[in-house]
Amino acid sequence: MSVSPAALVARRVFAAASHSSHEGGARTWKILTFVLALPGVGVCMANAYMKMQAHSHEQPEFVPFPHLRIRTKKFPWGDGNHSLFHNSHTNPLPDGFEGSHH
Amino acid sequence: MAHQAHAYHMVDPSPWPLTGAVAALLMTSGLAIWFHFHSTTLMGLGMALLLLTMYQWWRDIIREGTFQGHHTPPVQKGLRYGMILFITSEVFFFLGFFWAFYHSSLAPTPELGGCWPPTGITPLDPFEVPLLNTAVLLASGVTVTWAHHSIMEGERKQAIQSLALTILLGFYFTFLQALEYYEAPFTIADGVYGSTFFVATGFHGLHVIIGSMFLAICLLRQIQYHFTSEHHFGFEAAAWYWHFVDVVWLFLYISIYWWGS
């Protein structure tokens with residue numbers, strides 16, 4: 001499991017936060033918001049974006065495993081064969097990816 | 001004019017508990033009708049009745065508390081107990097789904113390939129969007145605390161800003177999760193992995209939406225001067241609920257996203 005430097009920084013930042021935050025009024029929490037919380041979100045946004053760019057865009061090879069793509073009962077919408085958040089690029093149907101590759 | 005010789009709230013007769021119960025009946029039976037007979041009418045009727053019940057019941061509570069003064073300290077204490085007990089019941093609700101997840105993942109059956117994640121499942125990278133989601137919810141916990149202190153110190157503008165920021169972070173989380181749901185290489189129909197993943201994270205997402213709505217109502221009320229620096233229990237209840245949602249996510253992240261990958 002590879003962890004990018006940016007994600008490591010984010011984790012250290014949040015580990016530190018659990019020791020440094022203290023009670024003390026609206027001003028304290030306002031400072032924590034703009035110095036710790038929102039930058040932490042920004043770092044994680046950058047990290048997630050960079051990691052997504054590094055992905056290969058290939059469709060994985062399809063293997064018709066019997067323990068996956070269960071269709072004991074049809075979905076109550078459409079043709080009953082597509083899940084609610086079906087994505088034809090990443091979600092194969094029980095007999096394979098729809099249409100031609102990409 | 002009659003006066004009560006006690007500090008408690010004897011609530012006036014109300015139709016909303018009954019309409020709520022009828023809505024629950026129509027939604028559940030409507031769900032069964034949809035699954036077996038492909039008609040959404042009953043379920044739709046139930047949902048409409050539920051929305052009307054929620055709007056009118058909670059509107060009445062705001063009238064009774066904020067405008068008619070019925071929420072004395074002992075009454076407020078009862079409301080606090082009520083919210084704590086409700087959140088406790090929700091903890092047990094999620095405990096069930098965590099039980100299901102650990103039951104299936106600690107001893108994966110031969111049908112799955114004897115491993116977890118099961119053969120053929122590509123789990124989501126916990127250090128991409130799921131980590132961002134964790135940061136978003138933790139940040140929203142900071143902003144809602146800023147909001148609480150602002151209300152207590154009478155800082156009206158800061159309270160509005162921090163509460164709005166909290167709600168925006170909540171919406172951002174929901175948006176990111178919806179994107180993850182669409183991009184995931186596995187679906188709810190992918191065996192017990194798909195079931196445990198989407199039911200646990202799905203109910204969590206529903207609670208994020210509910211919590212965001214609760215906070216949004218608080219924002220409207222704050223703008224309309226309903227809260228005082230001493231008395232703002234509606235906001236406190238929303239903040240407790242929001243922290244609960246955050247904690248559930250942390251458990252989901254550690255168990256399903258991280259350990260489960």
Worksheet entry | Degrees between helix B:41-62 axis and first principal axis of chain B (Cα, 0 to 90, nearest 10) | 40 degrees
Practice prompt. Identify the trypsin sites (Lys or Arg not before Pro) of the range A:39-102 meeting these criteria: DSSP loop state and at most 14 other C-beta atoms within 10 Å of the C-beta.
Written response: A:Arg71, A:Lys73, A:Lys74
Discussion item. Just to check I understand the Karplus step: with θ = phi - 60° and J = 6.51 cos²θ - 1.76 cosθ + 1.60, what whole-Hz values come out for the range B:250-261, glycine and proline as x?
Written reply: 4, 5, 4, 4, 5, 6, 7, 6, 8, 4, x, 9
Item to complete: Starting from the Kirkwood radius over alpha-carbon pairs of the range B:124-166, derive D by Stokes-Einstein at 25 °C in a medium of 0.890 mPa s and give it in µm² s⁻¹.
Response: 221 µm²/s
Item to complete: Return an integer: the convex hull volume of the alpha-carbon atoms of the range B:1-52, in Å³ per residue.
Response: 80 Å³
Practice prompt. Take the alpha-carbon centre of the range B:1-70, take the same for the range A:23-44, and report the distance between them in whole Å.
Written response: 38 Å
Response to the item:
Non-local residues with an amide H under 5 Å from the amide H of A:Leu93, with H modelled 1.01 Å from N and Pro and chain starts lacking one, are A:Glu98
Worksheet item: Near A:Lys73, which aspartates and glutamates are there with a Cα under 19 Å away, not counting those fewer than 8 places off in the same chain?
Response: A:Asp95, B:Asp190
Worksheet item: Of the listed peptides A:37-46, B:62-71, A:54-63, what is their order by residue-averaged count of other C-beta atoms within 10 Å, with the highest listed first?
Response: A:37-46, B:62-71, A:54-63
Worksheet item: Residues of B:187-200, mean number of Cβ from any other protein chain within 10 Å of their own Cβ, rounded to a whole number?
Response: 4
Practice prompt. Can you spot the aspartates and glutamates whose alpha carbon is less than 17 Å from B:Lys77's alpha carbon? Ignore those fewer than 8 places along the same chain.
Written response: B:Glu64, B:Glu230, B:Glu236
Discussion item. So if I restrict to the alpha-carbon atoms in the protein assembly as shown, what is the Rg, and what is Dmax, the biggest pairwise distance, in Å?
Written reply: 23.4, 80
Response to the item:
Residue-ordered couplings for the range B:223-239, obtained by feeding phi - 60° into the Karplus form 6.51 cos²θ - 1.76 cosθ + 1.60 and rounding to whole Hz (Gly and Pro as x), are 4, 8, 6, 6, 8, 10, 5, 9, 9, 7, 5, x, 5, 4, 4, 5, 5
Worksheet item: Can you list the HN-Hα couplings for the range A:50-65, worked out from phi with the Karplus curve (6.51, -1.76, 1.60; θ = phi - 60°), rounded to whole Hz and with x for Gly and Pro?
Response: 5, 5, 5, 5, 7, 6, 7, 9, 6, 7, x, 5, 8, 10, x, 4
Response to the item:
Here the averaged projected area of the range B:72-258, based on the convex hull of its alpha-carbon atoms and given in nm², is 10.8 nm²
Discussion item. Quick check on chain B: helices-only [θ] at 222 nm, where DSSP H runs of length 4 and up contribute -39,500 (n - 2.57) each and the sum goes over total residues. Nearest 500, please.
Written reply: -25000 deg cm²/dmol
Worksheet item: How many angstrom lie between the C-alpha centres of the range B:126-143 and the range B:164-196?
Response: 13 Å
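Each value in this text was obtained by applying a stated rule to the coordinates, not by laboratory testing. What you are looking at is a predicted structure, and each value in this text was computed from that prediction instead of being measured. Glycine also receives a Cβ, built like all others from the backbone with ideal geometry; neighbour counts cover every protein chain displayed.
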